[in-house]
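Asker: Here it is, the structure in full.
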Amino acid sequence: MNNLKIKKSSIRLVIALKEEAQVILNYFRLKPVNEKTIYPIYKNEEETHWLIISGIGRSNAAASTAYLYSYSKASIYTSWINIGIAGSDKGNYGDLYLVDKISTYQRKTSTYPSTMPKATLPKMHLFTSDIPISDYTSYELIDMEGSAFFDIASKLTSKEFICLMKVISDGPKNDIKEMTKSKISNLIKVNLFKIIDVVSYYERISEAEFLIIDKPELFNDIKSKWHFSATQSFKLETLLRRIENFCNKKDIEKIIKNCETSSSVINVLNLKIKNNLVNWSKF
Amino acid sequence: MIETIYVEEVIKNHPRTKFILKKFKKSRIILIDKYGEIFNKRNQNFRIQKSNPCLILAHKKDGFVLPAPEGFGIGSSKNFYFSHMYNCIYDCRYCFLQGMYSSANYVIFVNFEDFDIAIKKIIEKNVNTKLTFFSGYDCDSLAFENVTGFAKHILSIFKTYTQIEIEFRTKSIQKQPFFSLKPMKNVILAYSLMPELMSNSLDNKAPSISRRISVISELASKGWKIGLRFDPLIHGENWKELYKELLENIYNNISTDCLHSVSFGTLRFPKRMFKDIFKLYPNEPLFTSPLSLNNKMISYNIEIEEEMTSYCKNLSLRYINEDQIFKCSI
């Protein structure tokens, strides 16, 4: 029955700089939204993928994440992805890392993002700083937005739907002062297919959740024919989810067609469940 | 394959932490302050976590041994349980652990010695009382034994206190440490069972019923005491034939001299827990069963429950005595 439903994933990308975002904007064919917004926002035609340019720093990352949530009407099953450059003396220049631990100066405790399973990408501990750091020795990865992005995104969805990816751009051997716009763009570009691979995992889990929470096929049809209170609507939804596993649409329509009230619809569906003998050999 | 292991700072050098970590050489180790930073936090997706759970190694501070819920016993006047682990490597659709914690990650408490102390205290406080301890209420008692070695560790206490019973309840086919030890009369190896057809659909990631029966048979023939736990009893088409086949298969393959006890339990979910589990897995066949709200619990109606329990009990009475049969009613 699920394959009749419209497949729809939901992705929100939060990226600090336009130079970091450009190749991603191109890949997903994201276009600027047609109105003035506090932060630059882009979206695809289907409105499944949205991207915001947050600017540098924790305040911008937090504010833009919350702003994009509200502006794009994201759901709890939307995946949130932060992509950007980071400093490090532990990894190699140009390599892409997933983040599985985040620390800051401000907080004693760390936070622990989930990472996609079976990822071939290496993982690192991210330190988010409010000021540029030139001493790289104490940390694995250093950025200026990650912790704030994660803190806000964690309030919007489960941590399994949040991802942080960082490309190493500077370190003891690659002075931050020598970074140019084109170098930044290029760092993302050379990792684009790895990034897309990660994004596609988050597209899949988001889509899978939407399929699960999608209303049963007959729900709206039935609701349009009888008047259901909020409690009855919930009961109807639950009963239909249970019944549609062993009863097809036509049969359900047949058993309720003579019902005069919403209560009798619920009673008839309850009876259908009550009399069901599960055929375990089918599953 | 466990990809990530979180280790509490305070136990990072504990010998048992090192012992466990040696078994996961390819996993990424992340140091944490408290297991609560990862486990049971809000905003976690249980279903996604369950497909790829992490392991957390932690130090348990209190609540090592607790009184068992009423209706959980097998004849003793006082029943207690302890859990060295939270969550289970199996994914059984009727299991209360799906709604118990918001996280599907596994927590292992490495300070086994604190469990020893708490168990001994209870034994010494309850002299002349028949006691039974249940190992692993919040997990499968033996499924992760090859990683933790907890059963092997805890058995040493019950070698000393031979009048005190301990039950390990499991769906695993883990034979060690029992297979290489001399049988102990106060140890019950209790196996959760249901007809294979139902188990195939409901006991995700758990060993098949036939493999479980084969291990039960081996351990029984070595002289270990066996408990059979038909809990929950599952309703459906041909349930009588399916349970008859299962019960006869077991009783004909196991020396009934080794049977310590048999218990039957009905399928019951607290209302809130059912709501959570149904939300996680709305398309599961189990939820197409005739389950409804009865006395604040989601269950089969009382007629189905009684019919199933008495049918299975009567069949069992052909092989065992009435005093070996218990009803599990939690």
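Asker: State which residue pairs qualify: first residue within 14 Å of another protein chain (Cβ to nearest Cβ) and within 11 Å of B:Leu31 (Cα to Cα) and inside segment B:4-18, second residue in a strand (DSSP E or B) and of a type in the set (Lys, Arg) in any location, beta carbons under 6 Å apart, and separation of 6 or more residues or different chains.
Answerer: That search, which allows pairs on different chains as well, returns B:Thr4/B:Arg28.
Asker: Can you tell me which residues in segment A:89-103 are over 21 Å from the mean Cα position of the chain (by Cα), at pLDDT 95 or above and either crowded, with 17+ Cβ neighbours inside 10 Å or closer than 22 Å to B:Asn105 by Cα (or both)?
Answerer: Hits for segment A:89-103 are A:Asp95, A:Ser103.
Conditions tested, residue by residue: (1) outside any strand (DSSP E or B); (2) modelled with pLDDT of 95 or more; (3) more than 25 Å from the chain's Cα centre (by Cα).
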position: B:Val10; (1), (2), (3): yes, yes, yes
position: B:Ile20; (1), (2), (3): yes, yes, no
position: B:Ile30; (1), (2), (3): no, yes, yes
position: B:Asn40; (1), (2), (3): yes, no, no
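Asker: Just to verify a result, which residue in segment A:173-218, among those that are at pLDDT 95 or above and among the aromatic types (Phe, Trp, Tyr), is nearest to the chain's Cα centre (by Cα)?
Answerer: Step by step, filter segment A:173-218, then rank; the result is A:Tyr202.
Listed here are the residues, each with its yes/no results for (1) farther than 27 Å from B:Trp224 by Cα; (2) at pLDDT 90 or above; (3) of a type in the set (Asp, Glu).
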{"position": "B:Ile250", "(1), (2), (3)": "no, yes, no"}
{"position": "B:Glu284", "(1), (2), (3)": "yes, yes, yes"}
{"position": "B:Thr288", "(1), (2), (3)": "yes, yes, no"}
{"position": "B:Glu305", "(1), (2), (3)": "yes, yes, yes"}
{"position": "B:Phe326", "(1), (2), (3)": "no, no, no"}
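Asker: If you go through segment A:249-283 one residue at a time, how many are within 14 Å of chain B (Cβ to nearest Cβ) and under 28 Å from B:Asp276 (Cβ atoms)?
Answerer: Selection size over segment A:249-283: 17.
Asker: Right, another one. Which of the residues that make up segment B:255-279 are touching a residue at least 24 places away in the same chain (Cβ under 8 Å), within 14 Å of another protein chain (Cβ to nearest Cβ) and either among the acidic types (Asp, Glu) or buried (at least 17 other Cβ atoms within 10 Å of the Cβ) (or both)?
Answerer: B:Leu267, B:Phe269, B:Phe274, B:Asp276, B:Ile277
Asker: Scan (1) crowded, with 20+ Cβ neighbours inside 10 Å; (2) more than 14 Å from every other protein chain (Cβ to nearest Cβ); (3) assigned to a helix (DSSP H, G or I); (4) not aliphatic (A, V, I, L, M) for the single condition B:Ser221 breaks and write down its number.
Answerer: (1)
Every residue, every condition in (1) touching a residue at least 60 places away in the same chain (Cβ under 8 Å); (2) more than 14 Å from chain B (Cβ to nearest Cβ); (3) farther than 25 Å from A:Lys8 by Cα, yes or no:
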site	(1), (2), (3)
A:Glu178	no, yes, yes
A:Ser185	yes, yes, yes
A:Ile196	yes, yes, no
A:Leu218	no, yes, no
A:Glu237	no, no, no
A:Leu240	no, no, no
A:Asn245	no, no, no
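Asker: Take B:His235 and decide whether it is at pLDDT 95 or above and within 23 Å of B:His84 (Cβ to Cβ).
Answerer: Judged against the criteria, B:His235 is not a match.
The values are calculated or read from the model by the stated rules, or taken from the named source; none is laboratory data. Bear in mind the structure is a predicted one, so any value in this text is a computation, not a measurement. All Cβ positions, even for glycine, are placed from backbone atoms using ideal geometry, and neighbour counts span all protein chains on display.
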